[in-house]
Amino acid sequence: MNILLKNRSGQSLVPIESKLMLDRKIFLEGSIGPETACEFAKKMLRLNMESTSRPIDLLINSPGGEINSGMLIYDVLQSSKAPVRMYCMGRAYSMAALIFASGRDGRFMLPHSELMLHEPLIEQGIGGSATTVRSISDSLLEARKKINQILARHTGRTEAEIEEATRYDHFFSPQESIDFGLCDGTADLASLLEDDSTDTL
């Protein structure tokens with residue numbers, strides 16, 4: 001989708017994503033994979049180069065995806081000098097929920113949005129030798145421990161509480177997310193339209 005943007009030479013059509021980037025709003029949508037994570041890292045680098053004081057709004061609508069790709073996004077967010085505010089629009093499941101919950105500068109959900117947590121899953125069937133199967137199992141257990149530690153750190157819950165909550169697909173409404181420590185509050189579209197050109201967090 002293109003929009004008409006006024007400039008010194010008149011008007012020009014630009015992709016709406018470019019205009020949103022100028023307003024320091026970026027989207028994390030669809031399945032999280034290597035390409036998604038790298039593209040996200042590029043945008044974050046660019047916005048941090050422009051300003052480390054003006055906040056960035058991250059709008060999430062994702063079913064989750066690969067653990068390694070999600071951890072790359074997590075690392076980028078945690079090392080961002082610019083403040084990053086999280087907004088869940090629709091859903092943030094699995095790795096997307098972890099990314100949302102890790103926000104340090106405000107985590108907000110639209111009223112009918114939803115989070116979902118669960119244990120790491122095997123996306124494809126296990127095959128090969130017993131040693132291979134054991135290696136995959138050990139890797140999943142290590143990933144689960146890492147994820148539980150991260151969630152505990154950002155929610156104030158114990159690792160045992162996180163492990164209990166992620167034994168199955170656990171869906172959270174906005175209020176349940178707030179109560180569990182995954183979210184700070186609800187927001188609406190008006191919150192995203194506020195002018196943050198001079199704001200610092």
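What's the FRET efficiency of LYS81 with ARG167 using the Cβ-Cβ distance as r and R₀ = 30 Å, to the nearest 0.05?
0.25
Modelling each spin label as a point 7 Å along the Cα-to-Cβ direction, I'd like the ARG46/ARG144 distance in nm, to one decimal.
Distance between the two pseudo-spin positions: 4.0 nm.
Sort ILE99, ILE16, ILE162 so that the residue with the fewest other Cβ atoms within 10 Å of its own Cβ comes first and the one with the most comes last.
ILE16, ILE162, ILE99
Among all the lysines, which ones have a C-alpha under 18 Å from LYS81's C-alpha, if same-chain residues fewer than 8 places away are not counted?
Partners within reach: LYS25, LYS42, LYS43.
Could you state the principal axis extents of the C-alpha atoms in region 15-189, from the largest down, to the nearest angstrom?
52, 33, 25
Can you sort VAL76, VAL84 from fewest to most other Cβ atoms within 10 Å of each residue's own Cβ?
VAL76, VAL84
For a paramagnetic label modelled at 7 Å from the Cα of SER53 toward its Cβ, which residues of region 91-108 fall within the zone defined by backbone nitrogen distances under 19 Å?
105
Counting other beta carbons within 10 Å of each residue's own, what order do GLU17, GLU114 fall into, fewest first?
GLU17, GLU114
Read-outs: derived from the displayed coordinates by stated rules, not from any lab. Note that the structure is predicted; figures quoted are calculated from it, not measured. Don't worry about glycine lacking a Cβ; one is built from the backbone with ideal geometry, like all the others, and counts go over all protein chains shown.
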